[in-house]
Every structure is written in structure tokens, then in C-alpha cells.
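Novice: I have a structure here, written as C-alpha cells, and I will follow up with some questions on it.
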Amino acid sequence: MSTHEARLAALREQLKADRLDGFVVPLTDEHMSEYVGSYAQRLAWLTGFQGSAGSAVVLPEEAAIFTDGRYTLQVREQVDGRHWSYQSVPETSIADWLKDHAPEGGRIGYDPWLHTKDWVKRAREALAEKGTELVAVRRNPIDAVWAERPEPSKAKLIVHPDKYAGKSSAAKRQEMADWLREQKADAAVLSALDSIAWTFNVRGQDVEHTPVALSFALVNEDGTADLFVESEKIGDDVRQHLGNGVRVHERSEFERYLGSLSGKTVIADPERAVAAIFEALEGAGAKVVQKRDPSVLPRAVKNEAEIGGHRSAQARDGAALTRFLQWISIEAPKGNVDELLAVAKLQEFRQQSGDLRDTSFDTISGAGLNGAIVHYRVTEETNRPLEINSLYLVDSGGQYPDGTTDVTRTVAIGTPTAEMRDHFTRVLKGHIAIARAVFPEGTRGSQLDTLARQYLWQAGLDYAHGTGHGVGSYLSVHEGPQRISPVGSSQSGGDEPLRAGMFLSNEPGYYKTGEYGIRVENLVLVEPRQIEGAEKKMLGFETLTFAPIDPSLIEPNLLSPEEREWLNAYHARVVEVVGPQLEPEVLAWLEEQCRPV
């Protein structure tokens, strides 16, 4: 019996002991995080799935794993199809699947600290139709059978200086307090880890790739706050930084504290706060108002210090990536490079660039057919050499105190085929269409998404992921609420109006299963656009990422004069920003890569 088969069997035994006929396993934590600490990696432990988004359902005789289009190939490689059926989201929801598969009159368990209130409501309604009950568990049954489950991190919090944050924590809390008084509310719950890090100008080391600390908080209408975090994680520097306006409690006291808010009006975010938080507040007799976490929009709209810091981080990061791409151009054609070596070398170049605290996610290093796995993560078992006359896709990013980066480049090793050049150029044309877009204030990302896909659509092609996501400021590489994605996609947020000061990625792609993947990704800043005679306030994008785009993959005849002009101007700017940081031989290579098309 394999490890994961044995774990599934152990969970089924535990469910039997708990008088449950099934259990839902999401990939998240008590903060609805995308990236979670090792202690919360329940889905990976149970199934072997290593992606960053997914869920599973275990019943006595069958089990299913639910992923979106980014993971169609990956889930089949990592999760045993003899024991799990593969379900595609959003086509099939967990609630719909349970309605068809859960035993009539059965009891399906869920952990109220790992689901939103809305999810619980939808699932309960779906199950009620066949007399099946949805049951909140006090202890997660996976934790009962996961013998070697890691402890939550004990790492200390770090002060995030105002020179990077651009605004003091006290000023941020005062703005929230003013808003709370307008809402006639006493307090707002902050449970998303990046919301807490941003509000208190602290960072942490509790989750890989995202500099956050395991904590909860309430901001009060008088500008004070209550922060729930293990006391051993707070040093004197952080305590002094937080000041008298922040009362520090043990993280374990959070639920009990919610129970003391009888008669208070408390705002909680239905998208970011778990069901257990609502249950605790309602059970205490608090009046709960469902509104968005008040840090979300101010965090998404970056201030001048955050924008300036990001530009500095991008300049260093671009130099590191350029050195890496020059190294690849020399070493890969000799047959000396595989995916793992490439990851290590890129990490080395980033570390040399200065002040790297972490990567912003696991580097996607996809050679040949592995590049077609959208969120591929190389392992010893899957590691491939970068072979001659193939494509290599590398999607990576760094966490620096002044900014978070995320960039993808696709390069030809040797000579690309005509098809590769055609498909790459169509992706590039979509990337340029987003980069050049001008749009009125109030435009949503979903309204721009088609611009990126149009040239692929003309050839009957597409890609199964969003075109862009928000990015934090030395925070999460995937930050809401803004996105560029199709209406109704599983990656929500495309309906948030874009505002000046927001960061987004611009990353169309194309993936040919079993052969290669293509993606071109830069980060962009939403900025005001002055247009003579304009009758509306207009916005556009400033590109923030600087690294060469492989000229050997570009089919110049497919580019319009405006697209060539954009590409040549972009490459001139790459040389201007990155060039002064480079060694002579790397600079010479860069100038050759950036020659006008």
C-alpha cells in the first residue's frame, strides 16, 4: 500500500470513529490563505497534490480532488487516479458533487476554521435536498491521523519600516477607525495574514514565500487595535513599534475574545473570514455586519513609497534575471543544464543582487513538455534537461524589503520551430495589447482580458488561466481584489474596478500538452493617462519589469508597426534600467538581445 493510499485509509477509519460519512479537505488555513504554513498542508499530506489551489472530498467508498484549469496536468501526475477522481472547477463544485455522491441521510464533516460562511451555506443547502447533514467538527480528523504534523512556526515578527510602507500603522488604523464610525461599527475583524501585516507594518516568517505572521486582529473605532499572536514571537523592537495603541493577546485567545463582544457591532469580511469567526460573534450576541476587510483596497492602491520601492526592487531583480538568461544561452545548448540546476542558478543570481529575503513562490522551471504544466514545480523525479531545439519556460520572483517581483520568460534552446515562433508571437501580441491598453476609470479587469487572448483565438488557441493578478508590496505575490481574468472564472476578482496605483501581472500564455509551454509576464502599474480632448478620466499601464524577451522566438511579420514600436521601446528601456548594473560580457549579450526588431 502506498503512503497516500495508507493515509486515505487511516482518514476513513477516523471518520468512522467520528460518526462521519465524509469530510471536505480544502487547501487553506484559518486565514483563508493561498500559501499556507507546513502545519496546514493537509491536502498535500493526504493526496500528494503540490499545487497552490484545490480541495478534496473523502467518502467511505470514493474520493474526489477538485482543481482549476491551471492544474489539469499536474493533478493527474501527482494524485493517484485509482483512488481519486479528478474534478474540474468551476465546471463542478464540491456542493454539486456531494449532492450526487454523498450518502442519503449521511453526515458530511467540515472544519469551520477552513471554510467561508458562504461555502457552508451553499453546501448545506445542496446536501439538504437529499437529507444529508453538513456537520462542523471541533477537531480536524486529518490532524488526528497525521502523526508527524509540524507545529506552527515560532519565528519572530519583523518591523516593516515606514520608509518602505509609506504610512505609519497608527495613520492606517486611524483611517480605518474613521471608516468604522461612518459605518456605525465598533470594530472590524482582520483575519487575512497580509491584511494584518499591512495594517500593523510588520512582516513575518511563518509561511514560505509570503512574509506574514500567524495572527488575528481587531481594529477598533477609537483607532486602537487588539492583535492576537503568540507572545514569544514578539521581540522588544516589535512591541515598541506597535506602541500603546495595540493590545497584544495570545493567538489562542482569539475565539474566546470574540465571545466577549456581546452587543457590539462588528464588521467581518465574508470572503476572508472563516465560518467559525461568524459563528463565534453571532453566538456571543454581537451584531455582525458583512463588509469587505477595510485594509483590502488601501493595500491594493500603492502609495509613492511603495511604488518607488517596487521600482528599485525590479531594477535589481531584472539584472539578476538577465544574468541568468545570458548564462542559460551559453550553458543550455552544451547540454549542461537541467531544471533543478536552473532553479539553483537563478536563486544564486538573485541572492547576489542584494537584500533577497525569499523567493515569492516556488520557481516554475519547465523544460520542453514540463513547460506545458501551468504551475509546474520541479522535483528530483520530474527533473528534465534543457534539450536542444526545445523551449524553456521560467516563472519566478523575489521577496525584497522594498518590493515583490514576479516575471516569466520563455526562451528557445537552439532553433525553435515555425509553430513555436507563431504561437510565441501571438502570446507576445496579447501581452503588448494589455501593456498598451488605455481605458476609462471604472474599467474592470474582466473587460480587458479578451485583449490578451484575441490573437490566440484567431488561431483557435487559448489558455486556461487568468491574464493578471494583483501583487503586494513585500507581501503576497497574489493579492486581491483586482485581477485581469474572464467573467465567471474560478479565479475571482475580475469585477473589481482598476484604480491608479494598483500593481497587476500581465501574463498571457499558451500550452501545448506533451510538447511545450509559452508565457510572457511583466508586472504593470495602473496609472492616469492624459489624453487631449478626453471626456473621461483615462487610465493605462506602466510596465515595471525589465528583462529581455527572446528575439529568436519573435516572428516580425506578425507584428504591427505599433507592436514593433512598443517592443523596441521596451527593450531600449531594459538596456537603460538593467544595463548599468551588468558586467561587460552580459551587457554585450543584452544589447544584442534588445536590438530593434
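The values are calculated or read from the model by the stated rules, or taken from the named source; none is laboratory data. These numbers were taken from a predicted model, which means no experiment stands behind them. Please note: Cβ atoms are built from the backbone with ideal geometry, for glycine as well, and neighbour counts cover all protein chains shown. In case anyone asks, the SASA skips ligands and DNA or RNA and just uses the protein heavy atoms, side chains included. Shrake-Rupley method; radii C 1.70, N 1.55, O 1.52, S 1.80 Å.
Novice: Within the range 74-90, is there a residue that is crowded, with 23+ Cβ neighbours inside 10 Å and either within 23 Å of the chain's Cα centre (by Cα) or at pLDDT below 95 (or both)?
Specialist: yes
Novice: Then there's this: Give the residues of the range 145-161 that are aliphatic (A, V, I, L, M), surrounded by fewer than 20 Cβ atoms within 10 Å (Cβ to Cβ), within 26 Å of the chain's Cα centre (by Cα) and assigned to a loop (DSSP other than H, G, I, E, B), sorted by residue number.
Specialist: Ala155
Novice: Considering Arg122, Arg70, Arg107, which residue is in contact with a helix residue (DSSP H, G or I) (Cβ under 6 Å, 6 or more places away or on another chain) and touching a residue at least 12 places away in the same chain (Cβ under 8 Å)?
Specialist: When all the criteria are applied, what remains is Arg122.
Novice: Tell me which residues, restricted to the range 499-513, are open to solvent by 30 Å² or more (accessible area, probe 1.4 Å) and of a type in the set (A, V, I, L, M, F, W, C).
Specialist: Once the filter is applied, which keeps residues that are open to solvent by 30 Å² or more (accessible area, probe 1.4 Å) and of a type in the set (A, V, I, L, M, F, W, C), the range 499-513 yields only Ala500.
Novice: Can you find a residue in the range 543-555 that is without any contact (Cβ under 8 Å) to a residue 40 or more places away in the chain and open to solvent by 40 Å² or more (accessible area, probe 1.4 Å)?
Specialist: no
Novice: What residue, of Ala320, Ala313, is touching an Asp or Glu at 6+ places or on another chain (Cβ under 8 Å), at pLDDT 95 or above, within 27 Å of Leu504 (Cβ to Cβ) and open to solvent by less than 50 Å² (accessible area, probe 1.4 Å)?
Specialist: Ala313
Novice: Then there is this: May I ask you to verify whether Val586 is more than 26 Å from Leu451 (Cβ to Cβ), in contact with a Lys or Arg (Cβ under 7 Å, 6 or more places away or on another chain) and not charged (D, E, K, R)?
Specialist: Working: more than 26 Å from Leu451 (Cβ to Cβ): yes; in contact with a Lys or Arg (Cβ under 7 Å, 6 or more places away or on another chain): yes; not charged (D, E, K, R): yes.
So Val586 fits the description; yes.
Novice: To continue, here is another question. Scan (1) free of Cβ contacts under 8 Å to residues at least 40 places away in the same chain; (2) open to solvent by less than 10 Å² (accessible area, probe 1.4 Å); (3) under 19 Å from Trp179 (Cα atoms) for the single condition Lys287 breaks and write down its number.
Specialist: Among (1) free of Cβ contacts under 8 Å to residues at least 40 places away in the same chain; (2) open to solvent by less than 10 Å² (accessible area, probe 1.4 Å); (3) under 19 Å from Trp179 (Cα atoms), the lone unmet condition for Lys287 is (2).
Novice: OK, next. Go through the range 323-342 and report how many residues are of a type outside the set (S, T, N, Q), in contact with a strand residue (DSSP E or B) (Cβ under 8 Å, 6 or more places away or on another chain) and open to solvent by 40 Å² or more (accessible area, probe 1.4 Å).
Specialist: Total meeting the criteria: 4.
Novice: Would you confirm, using the coordinates I've provided, whether Arg529 is out of contact with any Lys or Arg (no Cβ under 7 Å at 6 or more places or on another chain), within 25 Å of Glu271 (Cα to Cα) and open to solvent by 10 Å² or more (accessible area, probe 1.4 Å)?
Specialist: no
Novice: List pairs: first in the range 442-463 and under 23 Å from Arg529 (Cβ atoms), second among the aliphatic types (A, V, I, L, M) and open to solvent by 60 Å² or more (accessible area, probe 1.4 Å), Cβ under 6 Å, 6+ apart or cross-chain?
Specialist: Ser446/Val487
Novice: Looking at Val526, is it more than 26 Å from Phe324 (Cβ to Cβ) and either among the aliphatic types (A, V, I, L, M) or part of a strand (DSSP E or B) (or both)? Working first, answer last.
Specialist: Numbers: more than 26 Å from Phe324 (Cβ to Cβ): yes; either among the aliphatic types (A, V, I, L, M) or part of a strand (DSSP E or B) (or both): yes.
When the stated conditions are applied, Val526 passes them.
Novice: Being without any contact (Cβ under 8 Å) to a residue 24 or more places away in the chain and of a type in the set (D, E, K, R) is the filter here; which residues of the range 144-167 pass it?
Specialist: Result: Glu148, single match.
Novice: Only helices (runs of 4 or more DSSP H) wholly contained in the range 162-219 count here; list those with 3 or more residues that are closer than 20 Å to Ala40 by Cα and open to solvent by less than 10 Å² (accessible area, probe 1.4 Å).
Specialist: 193-200
Novice: Name the residues in the range 114-136 that are of a type in the set (S, T, N, Q) and either loosely packed, with under 15 Cβ neighbours inside 10 Å or under 16 Å from Pro26 (Cβ atoms) (or both), would you?
Specialist: Of everything in the range 114-136, just one residue is of a type in the set (S, T, N, Q) and either loosely packed, with under 15 Cβ neighbours inside 10 Å or under 16 Å from Pro26 (Cβ atoms) (or both), namely Thr116.
Novice: Mind telling me which of the residues Leu475, Leu498, Leu539, Leu523 ends up being under 19 Å from Gly318 (Cβ atoms) and at pLDDT 95 or above?
Specialist: Numbers: Leu475 fails: under 19 Å from Gly318 (Cβ atoms); Leu498 fails: under 19 Å from Gly318 (Cβ atoms); Leu539 fails: under 19 Å from Gly318 (Cβ atoms).
Exactly one residue qualifies, and that residue is Leu523.
Novice: Can you list residue pairs whose Cβ atoms sit under 6 Å apart, with the first residue in the range 34-51 being touching a residue at least 60 places away in the same chain (Cβ under 8 Å) and closer than 19 Å to His478 by Cα and the second being in a helix (DSSP H, G or I) and open to solvent by less than 10 Å² (accessible area, probe 1.4 Å)? Count only pairs 6 or more apart in sequence or on different chains.
Specialist: From the range 34-51, the pairs are Gly51/Tyr71; Gly51/Gln74.
One line per residue, one yes/no per condition, for (1) over 25 Å from the mean Cα position of the chain (by Cα); (2) of a type in the set (Val, Ile, Thr); (3) under 20 Å from Arg299 (Cβ atoms); (4) surrounded by fewer than 19 Cβ atoms within 10 Å (Cβ to Cβ):
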| position | (1), (2), (3), (4) |
| --- | --- |
| Thr415 | yes, yes, no, yes |
| Met420 | yes, no, no, no |
| His423 | yes, no, no, no |
| Ser446 | no, no, no, no |
| Arg453 | no, no, no, no |
| Gly466 | no, no, yes, no |
| His469 | no, no, yes, no |
| Gly472 | no, no, yes, no |
| Glu479 | no, no, yes, no |
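So that you can scan it fast, the table gives a plain yes or no per residue for (1) open to solvent by 70 Å² or more (accessible area, probe 1.4 Å); (2) part of a strand (DSSP E or B); (3) touching a Phe, Trp or Tyr at 6+ places or on another chain (Cβ under 7 Å); (4) farther than 18 Å from Ile196 by Cα:
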| site | (1), (2), (3), (4) |
| --- | --- |
| Val238 | no, no, no, no |
| Val248 | no, yes, no, no |
| Phe254 | no, no, yes, no |
| Ser260 | yes, no, no, yes |
| Gly263 | no, no, no, yes |
| Ile267 | no, yes, no, no |
| Glu271 | yes, no, no, no |
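Novice: Determine the pairs where a residue that is on the phi > 0 side of the Ramachandran plot and outside any loop (DSSP other than H, G, I, E, B), located within the range 359-388, has a partner that is modelled with pLDDT of 95 or more and surrounded by fewer than 21 Cβ atoms within 10 Å (Cβ to Cβ) with Cβ atoms under 7 Å apart, the partner being 6 or more residues away or on another chain.
Specialist: That search, which allows pairs on different chains as well, returns Gly368/Arg384; Gly368/Glu387.
Novice: Out of the range 98-122, which residues are touching a strand residue (DSSP E or B) at 6+ places or on another chain (Cβ under 6 Å) and modelled with pLDDT of 95 or more? Working first, answer last.
Specialist: Start the filter on the range 98-122 by keeping residues that are touching a strand residue (DSSP E or B) at 6+ places or on another chain (Cβ under 6 Å), which leaves 102, 107-110, 112-114.
Arg107, Ile108, Gly109, Tyr110, Pro112, Trp113, Leu114 - these are the residues of the range 98-122 that are touching a strand residue (DSSP E or B) at 6+ places or on another chain (Cβ under 6 Å) and modelled with pLDDT of 95 or more.
One line per residue, one yes/no per condition, for (1) of a type outside the set (A, V, I, L, M, F, W, C); (2) in contact with a Ser or Thr (Cβ under 6 Å, 6 or more places away or on another chain); (3) within 30 Å of Gly472 (Cα to Cα):
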site	(1), (2), (3)
Glu104	yes, no, no
Asp111	yes, no, yes
Ala126	no, no, no
Ala144	no, no, no
Pro152	yes, no, yes
